[in-house]
Amino acid sequence: MYDEYLRDSYDFAMDAISNKNWNEKLKQRYFRVSIFCGMAAIEAFVNNIADILSYTKMMCENEKAFLLDKKMILENDKFIISEQNEFHKIEDKIKFLLSKYVKDFDFGCNRCWSDFISLKRKRDFLIHSRSEEDDTKIIDYESIVKNGITSINKIMDYLCLGIKNKKLRTQIRDLRF
């Protein structure tokens with residue numbers, strides 16, 4: 001599903017960018033949907049990776065629990081993954097995966113990380129907004145969305161290379177601005 005969400009995100013952004021006769025409110029609407037779909041894409045991707053890795057010996061039990069949003073509990077003097085949920089931030093999961101499987105990834109210097117964080121902050125602002133109006137300028141939306149969706153794509157590609165030893169599928173990788 002993550003590939004469909006990423007395609008949706010890209011298409012909504014392209015519609016907002018390319019339709020010059022649209023009014024500002026309509027463009028804002030399309031950019032917001034693009035942001036939500038993009039973030040859904042990376043979350044679905046990470047959940048898919050977590051599920052795949054949970055069946056391998058590539059991670060220890062506490063790492064699996066972390067990625068699967070499950071709580072580790074002590075049962076009969078042994079730690080096990082419980083069915084109890086313990087949710088973790090998507091950026092923490094991605095940071096963990098990149099640190100573990102992409103050895104040369106530099107969070108301080110790699111622009112895709114800061115662009116991803118900017119997109120996530122915008123998504124969080126939109127979801128938790130206390131304002132009645134969206135006063136984000138179209139030029140700001142366009143920049144956040146273009147950079148953010150490209151960063152999601154790059155992060156997915158880094159993780160595919162690091163975990164699976166192969167690049168993200170071409171039709172997904174090509175969804176860049």
query: Give me the pairs: first residue in the range 107-132 and modelled with pLDDT of 95 or more, second residue hydrophobic (A, V, I, L, M, F, W, C) and surrounded by fewer than 14 Cβ atoms within 10 Å (Cβ to Cβ), beta-carbon distance under 7 Å, and six or more apart or on different chains, which are they?
result: 113/107
- prompt: Has the range 41-55 got at least one residue that is without any contact (Cβ under 8 Å) to a residue 60 or more places away in the chain and either within 23 Å of residue 16 (Cβ to Cβ) or assigned to a strand (DSSP E or B) (or both)?
  reply: yes
field: Residues of the range 37-51 satisfying the condition of being out of contact with any Gly (no Cβ under 9 Å at 6 or more places or on another chain) and under 16 Å from residue 146 (Cβ atoms)
entry: 37, 41, 42
task: Go through the range 1-40 and give me each residue that's without any contact (Cβ under 8 Å) to a residue 40 or more places away in the chain and in a loop (DSSP other than H, G, I, E, B).
output: 19, 20, 21, 22, 23
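Determine which member of the set 54, 34, 9 is in contact with a Gly (Cβ under 7 Å, 6 or more places away or on another chain) and surrounded by 14 or more Cβ atoms within 10 Å (Cβ to Cβ).
Values: 54 fails: in contact with a Gly (Cβ under 7 Å, 6 or more places away or on another chain); 34 fails: in contact with a Gly (Cβ under 7 Å, 6 or more places away or on another chain).
Answer to the selection: 9.
Can you give me the ranges of the helices (runs of 4 or more DSSP H) entirely in the range 79-177 with at least 3 residues that are crowded, with 16+ Cβ neighbours inside 10 Å, in contact with a Ser or Thr (Cβ under 7 Å, 6 or more places away or on another chain) and not small (Gly, Ala, Ser)? Explain how you work it out, then say what you get.
Working: elements: 90-101, 111-127, 138-159, 170-173.
Per the criteria, 111-127, 138-159.
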- line: Considering residues that are over 15 Å from residue 45 (Cα atoms) and either of a type in the set (Gly, Ala, Ser) or touching a Leu at 6+ places or on another chain (Cβ under 8 Å) (or both), the number found within the range 140-174 is 5
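Take the conditions basic (Lys, Arg) and more than 23 Å from residue 177 (Cα to Cα) and apply them to residue 100. Does it pass? Don't jump to the end; show me each part of the working.
Numbers: basic (Lys, Arg): yes; more than 23 Å from residue 177 (Cα to Cα): yes.
Judged against the criteria, residue 100 is a match.
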query: Which residues, taken from the range 82-106, are polar (S, T, N, Q) and either modelled with pLDDT under 95 or closer than 20 Å to residue 121 by Cα (or both)?
result: 82, 84, 85
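In the set 166, 146, which member is over 21 Å from residue 31 (Cβ atoms) and either of a type in the set (D, E, K, R) or more than 19 Å from the chain's Cα centre (by Cα) (or both)? I'd like the intermediate steps shown before the answer.
Details: 146 fails: over 21 Å from residue 31 (Cβ atoms).
Exactly one of 166, 146 is over 21 Å from residue 31 (Cβ atoms) and either of a type in the set (D, E, K, R) or more than 19 Å from the chain's Cα centre (by Cα) (or both), namely 166.
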- request: Mind telling me which of the residues 47, 19 ends up being more than 22 Å from the chain's Cα centre (by Cα) and either under 18 Å from residue 88 (Cβ atoms) or polar (S, T, N, Q) (or both)?
  value: 19
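The values are calculated or read from the model by the stated rules, or taken from the named source; none is laboratory data. Note that this is a predicted model, so its numbers are computed, not measured. Positions of Cβ are generated from backbone atoms using ideal geometry, with glycine treated the same way; all protein chains shown enter the neighbour counts.
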